[in-house]
Amino acid sequence: MVLDVCIYGIGIFVLTMFQGFGTNDPAFGRLDKFPDPISIQWYHALAPLVLVALTRLKIPVSTTFLVLISFCIFCCYGKDVA
């Protein structure tokens, strides 16, 4: 009984993967309605580099606040955020 359910589940998984990756589109066309992402800038790498530096110094840090602060400083500086 359990083996049958496992084989059935694995079969569905394999068929789904072959259907998605066989057409070279694992998103099945669902991402076509979204625009292309923004171009990557230098400040996108700043937060991970600061995180590496702080963790090397053995300083505990919240990655969520670090990323939010870095994007707020570089993207929203001088804009009305409220």
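Odds and ends about this structure:
- Listed conditions (1) surrounded by 10 or more Cβ atoms within 10 Å (Cβ to Cβ); (2) modelled with pLDDT under 80; (3) not aliphatic (A, V, I, L, M) are all met by P48, apart from (2).
- Where D25 falls short, out of the listed (1) outside the structural domain of T64 (by TED's automatic domain parsing); (2) under 28 Å from L68 (Cα atoms): (2)
- Filter result (assigned to a helix (DSSP H, G or I) and exposed (fewer than 11 other Cβ atoms within 10 Å of the Cβ)) within segment 16-45: F18, F21, G22, R30, L31, D32, K33, W42
- Residue pairs meeting the criteria (Cβ under 8 Å; at least 6 apart or on separate chains; first on the phi < 0 side of the Ramachandran plot, in segment 4-21; second exposed (fewer than 10 other Cβ atoms within 10 Å of the Cβ) and modelled with pLDDT under 90): G20/A27
The values are calculated or read from the model by the stated rules, or taken from the named source; none is laboratory data. These numbers were taken from a predicted model, which means no experiment stands behind them. As a convention, Cβ positions derive from the backbone with ideal geometry for all residues, glycine included, and neighbour counts pool all protein chains shown.
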